[in-house]
Each structure stands twice: as C-alpha cells, then as structure tokens.
Amino acid sequence: LTGVLDDCLCDIESIDDFNTFKIFPKIQKLQERDYFRYYKVNLKRPCPFWADDGHCSIKDCHVEPCPESKIPVGIKAGSSNKYSKAANNSKELEDCEQANKLGAVNSTLSNQSKEAFIDWARYDDSQDHFCELDDERSPDAQYVDLLLNPERYTGYKGPSAWRVWNSIYEENCFKPRSVYRPLNPLAPSRGGLGSVCLFSWTGLCLEKRVFYKLISGLHASINLHLCANYLLEETWGKPRWGPNVKEFTRRFDPIETKGEGPRRLKNLYFLYLIELRALSKVAPYFERSVVDLYTGNGQEDAESKALLLDIFRDTKSFHMHFDEKSMFAGDKKGAKSLKEEFKLHFKNISRIMDCVGCDKCRLWGKLQTQGLGTALKILFSEKEIQSLPENSPSKGFQLTRQEIVALVNAFGRLSTSIRELQNFKILLQQTR
C-alpha cells in the first residue's frame with residue numbers, strides 16, 4: 001500500500017512515518033491518563049430501527065462497568081461540559097442562576113414551562129452535533145474503564161453483526177453507484193464479502209465521497225483491531241490474544257477481496273487525515289487557561305494537559321493536511337442542504353450503534369462513532385473556535401467531556417490501526 005491518497009495531497013508513507021515516530025507513542029500515553037480512560041456510556045439503549053434480536057452471550061462480549069469508588073472525584077462530580085475545578089464547584093450556583101433567569105422572564109411560569117425552556121436550550125445546543133448522544137444522567141449510563149475493556153475479537157458475528165453494517169452501507173451511506181456491498185456472505189446470488197462491480201465515483205460529489213470513505217475507513221480500522229487482537233487459543237482458562245495473519249488476509253488481501261481490501265485500507269488513512277486535521281483545528285480551544293481536564297488531581301491534570309498540547313503541536317507541524325474548505329463550498333443554499341443531509345446520515349449511523357448485540361463491540365462502536373462525529377463538528381466550527389474568549393466558556397462552541405474522551409480515544413484507535421498495519425506487513429513478509 002503506497003502512493004498518494006485520492007481527494008487530498010498526502011501520501012501513505014508520510015502518514016506512516018508521522019504516526020510511528022511522533023503521534024503513536026504520545027497518544028498511547030494520553031489514553032492511559034485518568035481523564036481519558038473513563039468513558040460514560042449507556043449500553044442498554046434499545047435499537048431504534050428493528051426488534052432487538054438479543055445480546056451476545058459470549059463471555060468476551062461482556063463489559064465490566066467501573067465501580068463508583070474507582071472514578072476520580074473530579075470526573076464523577078463534574079458537569080459534563082465543565083473542565084476546571086471552579087466550574088465543578090459552582091454547579092449549584094449555576095442551577096440557582098438558571099432558575100433566576102427563567103423566573104426573570106415571567107415569574108408566573110409553571111415548572112412545566114421552565115422545563116420546556118431548558119429543553120429548548122438543550123435542543124439548540126445539540127444542533128451542531130453529528131451524533132446521537134447518550135443521556136449521561138440516565139440511570140442506565142455507567143462509567144467504563146477503557147483500559148480494562150480493550151477492543152478485540154470477541155466472537156460476535158453472524159446475521160446480527162452483518163445486519164448492522166448492511167444498514168450502515170445500504171441505507172445510511174452515500175456510496176459509489178457501481179458498488180454493491182452486501183457484507184453478508186450468505187446473501188443470495190449477488191455474491192459475498194467483497195463482491196463488487198467496477199469501482200466508479202461517477203455522479204458522486206466530493207462531500208459524498210468523503211462520507212463514504214469515512215465510514216469505510218472506520219470499518220477497516222475496527223476490522224484491523226479485531227485481526228490484531230484475536231483470540232488465538234484458550235488453554236486452562238488462560239486466553240492468548242495476538243495478530244491473526246489469516247484473518248487479516250481474508251479481510252484485506254487484494255485477491256481474497258477482489259481488489260476491495262487495499263481500497264478499504266486507503267480509506268483508513270483518509271479517516272486518519274480527517275481526525276488529524278480536526279485535532280490541529282481544535283487546539284485553540286484547549287490552549288485556553290479555562291480548560292483544565294479536571295479530575296481532582298492537580299499534578300495529573302497539569303501533566304495531561306501538557307501532553308495533549310504537545311500532541312496538538314505535532315498535529316500542526318504536519319504539512320499535508322486535508323483541506324476541509326473544499327467541502328460545502330458551492331452555492332449557499334445547496335451547500336447548507338447537503339451539510340444537513342450529511343449530518344442526518346451520520347446521526348443515523350450513531351444510532352445504529354445501539355443495535356450492536358455485543359456489549360464490548362457496542363461500547364467501542366459508540367465511542368469511535370462519537371469521536372468521528374466530534375471531529376466533524378470541529379471541522380465545521382472553525383470560526384466559532386477562532387473567536388473563543390480566553391477566560392470564559394463560549395456558547396458558540398463547546399465540547400463535553402464525553403466528546404473530548406471520544407475524540408482522543410477514537411484517534412488513538414486509528415493511530416493503533418496504522419501501527420498494526422506495519423506489523424502485519426512484517427508478518428506477511430515472514431510467511432512468504
């Protein structure tokens with residue numbers, strides 16, 4: 001896999017070098033820090049698109065929630081979109097101010113009307129989201145330690161898993177007209193995994209090409225994680241996990257996939273570029289003194305922020321970024337309509353993650369989808385980020401802690417995918 005990627009001026013070799021020597025070691029360290037290792041997620045939300053066909057009973061599908069006692073006090077006590085110690089301590093004051101503001105509008109307002117005002121404000125805040133966000137206040141939402149629940153092959157497969165990806169590609173993804181992608185190998189007559197016609201982007205604008213590549217890249221990245229962390233054997237209750245070259249070949253080899261495998265991997269690199277660009281764009285948001293990455297441990301928080309800013313400096317030093325200004329650049333009305341369609345499709349895909357039957361797969365699917373959705377939100381909020389006040393939160397652009405954790409961990413997964421791809425290249429050379 002070599003050469004320049006489509007729709008950008010970046011080559012694969014440059015990304016490999018940049019990721020291996022600059023990004024990968026630092027992002028690994030960052031993911032181990034308390035602020036980024038705990039993710040709050042609701043794994044009990046019902047599938048909104050079809051009748052739930054039951055959860056996976058395989059033991060490796062299980063997610064172990066984190067006991068409350070293990071969560072850093074600054075994380076579990078804080079409001080979801082506040083970062084500093086002062087903001088966390090002023091939660092009650094804010095609630096009081098909120099009530100006073102509502103009362104100032106009309107002191108005769110009923111409690112029901114006041115709730116409606118708050119709901120409307122929440123709805124306005126959600127308009128720039130590309131994802132369906134979990135309600136963190138739900139009793140079903142739990143903290144999960146991502147380090148203790150790593151993404152790997154669980155054995156979850158079959159009709160339930162195929163149905164999720166088929167729904168994503170066939171119903172919610174702009175795809176090349178000539179490509180038919182039934183991912184189910186049991187699909188009748190038209191063929192199985194990788195059965196495609198001649199590949200053509202005819203009639204597909206840049207924005208729709210980008211959307212398809214993002215989803216395909218996410219799919220490729222997830223498959224790479226499963227191949228790299230595969231259950232190789234289980235003897236005396238001691239499982240051994242590691243790279244499975246045969247599985248990697250089945251999913252990505254040009255012959256096995258009828259030419260589709262390398263294209264999937266190129267889309268992984270394209271997705272990496274998109275999220276890398278988002279990190280470089282959001283740096284000013286985190287460079288402000290008001291953002292502390294607060295966990296309650298002052299030294300830990302300062303070190304986490306320093307490491308994050310160091311990664312941002314690296315992302316800015318990369319000279320072959322994707323140019324997002326080329327997107328939605330046509331006439332204003334058409335561009336706005338296309339952007340809304342883009343957002344609606346992606347929001348649907350984030351909702352489909354609640355249809356995944358394996359809890360561990362659902363956890364990582366939701367996190368990586370939310371991370372990509374946060375990256376897109378950043379890319380389309382450049383003006384708002386540039387006009388942020390230094391010492392106070394801005395209503396023009398905000399990130400919740402959940403979005404920050406998802407953004408960093410999702411990019412960490414992509415960085416790991418590209419690193420694992422280098423390992424598979426070596427393993428394949430050794431087997432030849």
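The values are calculated or read from the model by the stated rules, or taken from the named source; none is laboratory data. Computed from a prediction, not measured in an experiment: that's the story for all the values here. Neighbour counts are summed over all protein chains in view; Cβ atoms, including those assigned to glycine, are modelled from backbone coordinates with ideal geometry. Areas reflect the complete protein model, heavy atoms only, side chains present, ligands, DNA and RNA absent. Shrake-Rupley method; radii C 1.70, N 1.55, O 1.52, S 1.80 Å.
Separation of segment 396-432 and segment 14-49, taken as the distance between their Cα centroids, equals 7 angstrom. Each residue was assigned an accessible area with a 1.4 Å probe, and for Glu390 the value is about 90 Å². A simple spin-label model places pseudo-atoms 7 Å from Cα toward Cβ; at Glu64 and Glu170 they are separated by 3.9 nm. Using the Cβ-Cβ distance between Asp6 and Gln299 with R0 set to 41 Å, the FRET efficiency from 1/(1 + (r/R0)^6) comes to roughly 0.35. Residue order by solvent-accessible surface for Lys246, Lys366 is Lys246, Lys366, largest first, with ligands and nucleic acids left out and a 1.4 Å probe.
Pairs exceeding 31 Å between alpha-carbon atoms, taken from Lys40/Lys343; Lys70/Lys266; Lys22/Lys425; Lys281/Lys347; Lys281/Lys343; Lys26/Lys213: Lys70/Lys266.
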